[in-house]
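The values are calculated or read from the model by the stated rules, or taken from the named source; none is laboratory data. If you're wondering where the values come from, they're calculated on a predicted model, not measured in any experiment. Glycine also receives a Cβ, built like all others from the backbone with ideal geometry; neighbour counts cover every protein chain displayed.
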Amino acid sequence: MIRSRKTPKSRFDAQKTHKCPRCNAFLIRERFYGMFEAVWVWRCIKCGEIIDDVVLYNRRLLKKAAKASVDPMTLLRR
């Protein structure tokens, strides 16, 4: 029996339009295969920017560090 898998939803997926934050081009949904699992990401068709939940999380950490004038590497080590 073959089961169909649904694409996981993230906060970024909830947006109505998906534009690249770098070049403002169109983003497409793409599946990357790793050694043990597959990951759904958004990829820009023009510049190749990859956006997924981990990238968004790390960008939020860097914004917090910039506001608090904290070394961003200390946030990643936690």
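Structure notes:
- Only one of R31, R43, R60 that is at pLDDT below 85 and outside any loop (DSSP other than H, G, I, E, B): R60
- Pairing each residue of the stretch 55-70 that is on the phi < 0 side of the Ramachandran plot with any residue that is small (G, A, S) and surrounded by 11 or more Cβ atoms within 10 Å (Cβ to Cβ), provided the two are 6+ apart or on different chains, yields C-beta distances under 8 Å for L56/S10.
- Consider the stretch 46-57 and keep the residues that are assigned to a loop (DSSP other than H, G, I, E, B) and of a type in the set (D, E, K, R). The one that is farthest from R29 (Cα to Cα) is K46.
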